[in-house]
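The values are calculated or read from the model by the stated rules, or taken from the named source; none is laboratory data. Remember, predicted model here, so these are calculated numbers, not experimental data. Because the Cβ atoms are built from the backbone with ideal geometry, glycine has one as well, and the counts that use them run over all protein chains shown. These area figures cover heavy atoms from the full protein model, side chains too; ligands, DNA and RNA do not enter into them. Shrake-Rupley method; radii C 1.70, N 1.55, O 1.52, S 1.80 Å.
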Amino acid sequence: MVDYINRGATGYVGGCHCGAVRFRFVGPDRLDVLECNCSVCSMTGYLHVTVPHAAFELLTPIDALSDYRFGTRAAAHLFCKVCGIKSFYQPRSHPDCWSVNLRCIVGGGDHVGQLERFDGRHWEQAAAQLKISVPKSDMRSSKLIDGVTWDGKDPAGYADGFKVKAGAAA
C-alpha cells in the first residue's frame, strides 16, 4: 500500500459501542493499518484504516457525532455523543479519506493485511514520508471536504461529506 489508502470491493460494517454511530465501507480483502503514536491515538489505542470518502457510508444520523480538534485543528476527531467512542474521523494526513478505527469494524482484527507504524509525535516529518500529497491549505483549516466546512456547531452542515442512508435524519 503505497499511499496508505484502502481500496477494494469487500464490504465492511462497524460503529461505536452503543450503536448510535453505524457505518459501512468497501475496501480490500486484507486491510492495511496505520498505528500512530500521537497523544490521542496512543491514549485510545486507535488503529487507522484509511478509506476514500466515496467508499464510506454513514448509516445513522450525523447529529450523533461530536467534533474535537487540537494542535493545528486540521483533523476532525468525531466521537459518539452517547458512548464517546471515536469509530472514524477526518485525518489531516488524508484530506480525501476517512480514517476508520480497526477496533470498531466488525471482525476488524480478522481482516488485517499489514500494520505500519506512523510517528505521530513527529507528524510533519512522518507525513512527509507518506506517498500522498497533503495540500498545505487543507492542513490548517477547518475544511473537511471540498466546499464543506464544519465549525462543530451545526452537524447538519456536515451532511455533504457523507452519503447518508435514506430516512436517516441529517
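Summary table below
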{"read-out": "By accessible area with a 1.4 Å probe, ligands and nucleic acids excluded, highest first: order of LYS81, LYS86", "value": "LYS81, LYS86"}
{"read-out": "DSSP-loop chymotrypsin sites (Phe, Trp or Tyr not before Pro) across the range 55-108, with at most 12 other Cβ within 10 angstrom", "value": "PHE70"}
{"read-out": "The range 47-87 shape via C-alpha gyration tensor axes, a/c threshold 1.5", "value": "oblate"}
{"read-out": "The range 45-128: C-alpha gyration tensor shape, a/c 1.5 cut-off, then a/b vs b/c", "value": "oblate"}
